[in-house]
Amino acid sequence: MATPNAKLRAIREAAPSRAKAGEGMTHAELADAVNAFLWETREQQYTLDADTIKRYESGKVGWPGEAYRTGLRTVLGVATDADLGFRPTRRGASTDRALVTLPVVTPDLYGQVELGVSPSEFLARTSVETPVPQRIGWTDVEHVRVTTRAVAMSENLFGGGLSCEAATGQLRWAGRLIEAQATDDVRNAMFEAVGNLSGVVAYSAFDIANYQAADRCFQFALWCADQGNSWALRANTLAEMSRKAAYLGNLDDALSLIEFAQVRSDRVSATGRAMLWTIRARLLALTGRAEEAIEDVDRADTHFADRDLAADPPWLCYYDEAEHQGSTGKALIPVARERNLIELAAPRLETAIRLQGANYPRSRTFSRTRLASLMMSTGDPREAVTIGRQAVTEAAPLRSQRIVKELNGLAHISEQHERIGDVAELRHDIASLALPGT
């Protein structure tokens, strides 16, 4: 059991916070101050963070690396490492990388080893810091774009649960690239690429209901859009923030965000304008403005028909015919229910289901669930059961809190037909579905 480093904690808490008068320095403030000192004195980027400071104070790391010890002594104003409660290990080695704090792992004659701790703890003490070039070029921009595509594809296939943590590490790495030297055009492209990655990470966090992380990543994406002079990225980020606000029931905020996104829509491609009008239509439908919602869907259809794939930024690759039909169908569901006209939305959802390929199982599951809910409320409940069961089957491997909420909505709507045996079985299947990560 590690002995807590009370000295380090006391000295940190005695140091004044720069953010809050009268309070002690936080773990994050101390880490940032050390990183800033090391950058100024060594012209090298370091990535000390609040979690590592907490590990120092818990005693899990008793002898940080030389650079971090120097930075901590300077920032906290002490003379020696001992004043900070640090003592060298028997080998005098740094435990920042932490593998040396683990028991020595020696394979037996059959190549088998004992880790000595749990797998998660063993891996948590392993860190690899990817070097960042002093000057970046178009190859580095493309590296970030490829990384973003991989993260987005993983999120589409499995939901945010498997993607978010790994993607956050990729974002931290990419964020360091924007501090490197570059020509103006490369710098702007890098800001846009990193901002796009931040938006994808934000949506992954949103998908698993980590709203605080989502908000921070959305904020960073907007900052990147501003720094890189990208109106298209700004519009896309605000659109995703609007979706999140609507999901949480903040319809006024959602409508404001989507209308902010439409400012200077002349700088946005036709595909992007179709996406923006579709989101606005959904919000108007939810607030009872049915005619305006239908008009916005018509506008979205017109823009989508005029789209030029060559003009689209990388992040709009997902907004194809299937996505447009699914999104406009979703937008019209409240109107279809209000007017008891299933044909206003159902054909669009059916088209989306037919066109959504193997790379977008979560999108197809959303469309099936929404179609089943619409049919359960305004159509044939038995047909709704057939579609709903397919949605339940497809949802099983996905790690998505949004899918859970959508299916629970289907179960709630189905309650009115619970006397039908098949409907009762569907509600039972939804209730017993143990989705990973929920």
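Taking Gly175, is it open to solvent by 10 Å² or more (accessible area, probe 1.4 Å), of a type in the set (Gly, Ala, Ser) and out of contact with any helix residue (DSSP H, G or I) (no Cβ under 8 Å at 6 or more places or on another chain)? The answer is no for Gly175.
Can you pull out the residues in segment 1-52 that are surrounded by 15 or more Cβ atoms within 10 Å (Cβ to Cβ), among the hydrophobic types (A, V, I, L, M, F, W, C) and not in a helix (DSSP H, G or I)? Scanning segment 1-52 gives Ala15, Met25, Leu48. Search segment 324-350 for residues that are open to solvent by less than 50 Å² (accessible area, probe 1.4 Å) and pair each with any residue that is assigned to a loop (DSSP other than H, G, I, E, B) and not charged (D, E, K, R) when their beta-carbon atoms are under 6 Å apart and the residues are at least 6 apart or on different chains. Sorted first by the residue in segment 324-350, then by its partner, the pairs are Gly329/Ala345; Leu332/Ala345; Ile333/Ala345; Ala336/Ala345; Ile342/Gly379. Taking Thr369, is it within 25 Å of Thr287 (Cβ to Cβ) and β-branched (Val, Ile, Thr)? So Thr369 passes the test.
Only one entry of Asp215, Asp253 meets the criterion of being free of Cβ contacts under 8 Å to residues at least 12 places away in the same chain and not small (Gly, Ala, Ser), and that entry is Asp253. Quickly run through segment 406-422 and pick out the residues that are in contact (Cβ under 8 Å) with a residue 24 or more places away in the chain and closer than 21 Å to Glu350 by Cα. Matches in segment 406-422: Glu406, Leu407, Gly409, Leu410, Ile413, Ser414. Here is a check on your reading of the model: is Glu66 surrounded by fewer than 18 Cβ atoms within 10 Å (Cβ to Cβ) and under 34 Å from the mean Cα position of the chain (by Cα)? The answer is no for Glu66.
Do you know which residues across segment 313-323 are open to solvent by 30 Å² or more (accessible area, probe 1.4 Å) and of a type in the set (A, V, I, L, M, F, W, C)?
Just the residues of segment 313-323 that are open to solvent by 30 Å² or more (accessible area, probe 1.4 Å), to begin with: 314, 317-318, 320-321, 323.
Selection gives Cys317 alone.
For (1) more than 16 Å from Ala293 (Cα to Cα); (2) open to solvent by 60 Å² or more (accessible area, probe 1.4 Å); (3) not in a helix (DSSP H, G or I), each residue gets a yes or a no:
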position	(1), (2), (3)
Thr237	yes, no, no
Glu240	yes, no, no
Ala246	no, no, no
Gly249	yes, no, yes
Leu257	yes, no, no
Phe260	yes, yes, no
Thr271	yes, no, no
Ala274	no, no, no
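Run down Arg273, Arg243 and say which single residue is basic (Lys, Arg) and either over 20 Å from Met153 (Cα atoms) or in contact (Cβ under 8 Å) with a residue 40 or more places away in the chain (or both). Answer to the check: Arg273.
What residue, of Ala358, Ala310, is farther than 30 Å from Arg389 by Cβ, of a type in the set (Gly, Ala, Ser) and open to solvent by 30 Å² or more (accessible area, probe 1.4 Å)?
Numbers: Ala358 fails: farther than 30 Å from Arg389 by Cβ.
So the residue among Ala358, Ala310 that is farther than 30 Å from Arg389 by Cβ, of a type in the set (Gly, Ala, Ser) and open to solvent by 30 Å² or more (accessible area, probe 1.4 Å) is Ala310.
Inside segment 375-391, can you point out the residues that are in contact with a Leu (Cβ under 9 Å, 6 or more places away or on another chain), surrounded by 20 or more Cβ atoms within 10 Å (Cβ to Cβ) and not polar (S, T, N, Q)? Those that are in contact with a Leu (Cβ under 9 Å, 6 or more places away or on another chain), surrounded by 20 or more Cβ atoms within 10 Å (Cβ to Cβ) and not polar (S, T, N, Q): Met376, Ala384, Val385, Ile387, Gly388, Ala391. Restricting segment 395-414 to residues that are at pLDDT 90 or above and of a type outside the set (A, V, I, L, M, F, W, C), the residue that is most open to solvent (accessible area, probe 1.4 Å) is His412.
All of (1) within 24 Å of the chain's Cα centre (by Cα); (2) surrounded by fewer than 20 Cβ atoms within 10 Å (Cβ to Cβ); (3) part of a helix (DSSP H, G or I) hold for Arg368 with one exception: (2).
Against the condition crowded, with 19+ Cβ neighbours inside 10 Å and outside any helix (DSSP H, G or I), how does Val61 come out, does it pass? Let's see the steps before the verdict.
On the way: crowded, with 19+ Cβ neighbours inside 10 Å: yes; outside any helix (DSSP H, G or I): yes.
So Val61 fits the description; yes.
The values are calculated or read from the model by the stated rules, or taken from the named source; none is laboratory data. As the structure is a computational prediction, the values presented were derived from the model and not from experiment. So basically every Cβ, Gly included, is an ideal-geometry build from the backbone, and we count neighbours across all protein chains shown. Quick note on the areas: whole protein, heavy atoms, side chains included, nothing else; ligands and nucleic acids left out. Shrake-Rupley method; radii C 1.70, N 1.55, O 1.52, S 1.80 Å.
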